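K.L.:
Okay, handing you the structure first.
The values are calculated or read from the model by the stated rules, or taken from the named source; none is laboratory data. This is a predicted model, so every value here is computed, not measured. Glycine also receives a Cβ, built like all others from the backbone with ideal geometry; neighbour counts cover every protein chain displayed. All accessible areas refer to the heavy atoms of the entire protein, side chains included, with ligands and DNA or RNA removed. Shrake-Rupley method; radii C 1.70, N 1.55, O 1.52, S 1.80 Å.
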Amino acid sequence: MLLVVVYHFVPALLPGGFLGVDVFFVFSGYLITALLLAEYQEHGRIRLLDFLVRRVRRLLPAVLFLLLTMVPASLLISADFRAALGHQLAAVLGWVTNYYEVLHGGSYEDQLLPHLFVHTWTLSVEMQYYVLWGLLLAAMCNAGFLGSKRRAREEQRTRYTVAAMAAALALLSWVVMWIMARGKADPSAAYFATGSHVFPLMIGSFAGVFFGIKPGRALRAARRISSGALLGFICVAAGVVFVFAVVLDFTSPFVYRFGILITALLTAGVLAALRILQPRIRRREPVLLRFVADRSYSMYLFHWPIYIIIGNTLRQVGEYLPGFLRVMLSNTLVVVLLSAALTLVMGHLSYVLVEKRFRVRRVRSSGGRAGDGAGAGKRYAAIAAAGLACLLLLAGCVQAVRTAPPITSIERDYRHESIETDRAVLGSVGARFMRLSDSDINARIGLFDGDSRTSGGGISGGVTVIGDSVTLGASTALREAIPGAYIDAEVNRNMRDAEEIIKTLQENGMLGETVVIALASNASDDTGDNADALVRMLGADYRVVFVTGFGKDFMAPANAHIRAMPGYFQNVVVADWETAIAAHQDWLAPDGVHTGTEESKELYAQVVVAAIAGEAEQT
């Protein structure tokens, strides 16, 4: 859980922290399979319905508490975060959030505005695994039971059959992920889908067969391994996973080929090592570790919506405060600390008020005790207060769903901008490419800064703009500022995608001699290397303008690299959007990244045009 929370709160610190999900998946697969096989060994069959009821009792109450509290809290922030909220809630309660994200084109990292409950995709994968794997095991074990005289032999055969089945399904799922993620700039579909991401659960299931609750031959044989060797393996495995979390990022192809697989295998090995060490450990589990472990599920549920709500609430409040207070409230450390504290509080409340009460069935005695009258009165008062609170929270849920827009304002603007961009492209088909004249660019600069420039800037050969969702939002302003420019902007585009676009435009004679690349908003670890490669590919005959990004910490390395590029590429100039918009953050969309008001879009165009004009003056 810790890896995932740090990744969500401070992605630049652990860009590969999402691998914590796979650590959790392995634990879950191990535990579920071990419990099912233990039930089979004890009773000679698996009671599937009882198993599923236990799983629902474990997961659903905390989810309901999450929705009951966080949905009304979402009224504090922009309605954009509640877009299609009814559909989101239906997906959560139907245990299909992962496929909801796939079908709606959701991206795990680069959504325009992240869904409040997107993190429940892991619960969806879990529940789907419980149903399918539980059904498969129950059918096989129940049908394979032959009677007490042959139980030991039958159980051993069943254990090997389950292990082989888990290994085969894990291999198949891994191959599916490899195929689905291959060549994809955004591998979210492969990441969300159960079929492609179930292999960590199956690897855990394989470990659960041999190192589960009741000792088998493998566990008895492995107990010969020394404690030092086992502890050494645990340290090495933990170190490798931590290194992965530091150096990998979500879009890295290595993640889907080997990263998740290696993480899952190492985690299964750690579980096996801990199971072997268990009889040798005499110390009790530390109190703090037990406290966090008991509440980890609820803390996971609450951390993401709390982070979104806290961050955006502070940002909105900061707009009405003096400058230094506004900066303080928007500081990442402040947001993270407040989010972490509230996550701990809500996780504890969820555990005490909800989880503990629903995990096990309680049989209450019908007999009364002396003095119960006063206690009963307090209980009734508490029930009445809880009922009233639930009614108020339900009213908040209804209001939040009722006022939720079907799409975000950003998506609405982008649909409009996409239509206008398509019209502009279609209108220029006959001419193939429209060139930008010196007078056009200088006249447009004059509109922005009041300076009527008439001197020749040397700009010729046309302008091509290759951008991401931020560019798409400002594309109308760009077209007005740079008449005749070819603008190709798309949501979730990153620096890796630019090479193919540029080659296609070159082949069709549509690449301008001035190329604006605005892709820092979806930066990754290799953005700087890809930017350098683009300039080398284009060569000295092209003028290249790189636009910095704004709004997220993970953009900082890319922005720093872009600012350094003119020092070693003479044909590169920087359009510093980050510096320009920093003083006007209230102009931005609710996510703090994309353009919002018309002023922000015009400022974006001004920054790009000024950079082009500056480069023209240099040449």
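K.L.:
Residue farthest toward the positive end of the dipole of the range 1-56, with Cβ of Lys/Arg at +1 and Asp/Glu at -1: which of 6, 23, 52?
P.N.:
52
K.L.:
How many nm is it between the label spots at residue 233 and residue 358, if each spot is 7 Å from the Cα in line with the beta carbon?
P.N.:
Each label point is offset 7 Å from its Cα along the Cβ direction, giving 3.8 nm.
K.L.:
For 101, 411, 500, what's the largest-to-smallest order of accessible area, 1.4 Å probe?
P.N.:
500, 411, 101
K.L.:
First measure r as the distance between the Cβ atoms of residue 332 and residue 223, then evaluate 1/(1 + (r/R0)^6) with R0 = 56 Å and state the FRET efficiency to the nearest 0.05.
P.N.:
0.75
K.L.:
For an R0 of 25 angstrom, estimate the FRET efficiency from the Cβ-Cβ distance between residue 139 and residue 289 and round to the nearest 0.05.
P.N.:
0.10
K.L.:
In terms of the Cα gyration tensor, with a ≥ b ≥ c the square roots of its eigenvalues, is the range 185-273 rounded because a/c is under 1.5, prolate because a/b exceeds b/c, or oblate? Working shown, then result.
P.N.:
Numbers: a/c = 4.38, a/b = 1.65, b/c = 2.66.
Verdict is oblate for the range 185-273.
K.L.:
Compute the length gained on full extension between residue 341 and residue 513: take 0.36 nm times their separation in residues and subtract their Cα-Cα distance, giving the result in nm to one decimal.
P.N.:
Length gained, residue 341 through residue 513: 56.7 nm.
K.L.:
I'd like the trypsin sites (Lys or Arg not before Pro) in the range 169-230 restricted to DSSP loop residues with at most 16 other Cβ atoms within 10 Å, sorted by number.
P.N.:
Answer in residue order: 182, 184, 223, 224.
K.L.:
Exactly which chymotrypsin sites (Phe, Trp or Tyr not before Pro) in the range 318-351 are in a DSSP loop and have at most 10 other Cβ atoms within 10 Å?
P.N.:
Answer by residue number: 320.
K.L.:
Can you tell me the relative contact order of the range 1-148? Whole percent, Cα pairs under 8 Å, sequence separation 6 or more.
P.N.:
Relative contact order for the range 1-148 comes out at 26 percent.
K.L.:
With a ≥ b ≥ c taken as the square roots of the eigenvalues of the C-alpha gyration tensor of the range 1-147, please select rounded if a/c is under 1.5 and otherwise prolate if a/b is larger than b/c or oblate if it is not?
P.N.:
Verdict is prolate for the range 1-147.
K.L.:
For residue 214 and residue 540, what is the calculated FRET efficiency with R₀ set at 60 Å and r taken between the beta-carbons, to the nearest 0.05?
P.N.:
The pair residue 214/residue 540 has a calculated efficiency of 0.25.
K.L.:
In addition: Taking 0.36 nm per residue of separation and subtracting the Cα-Cα distance, what length does fully extending residue 526 through residue 490 add?
P.N.:
Working: separation 36, 0.36 × 36 = 12.96 nm, distance 1.96 nm.
Value of the extension gain: 11.0 nm.
K.L.:
Continuing with this model, one more query. Show me the trypsin sites (Lys or Arg not before Pro) within the range 262-316 that DSSP assigns to loop and that have at most 13 other Cβ atoms within 10 Å of their Cβ.
P.N.:
In loop regions of the range 262-316 (DSSP not H, G, I, E or B), the sparsely surrounded trypsin sites (Lys or Arg not before Pro) are 282, 283, 284.
K.L.:
How far, in nm, would the chain grow between residue 499 and residue 57 when pulled straight, counting 0.36 nm per residue and subtracting the alpha carbon separation?
P.N.:
Fully extending the segment from residue 499 to residue 57 adds 154.0 nm.
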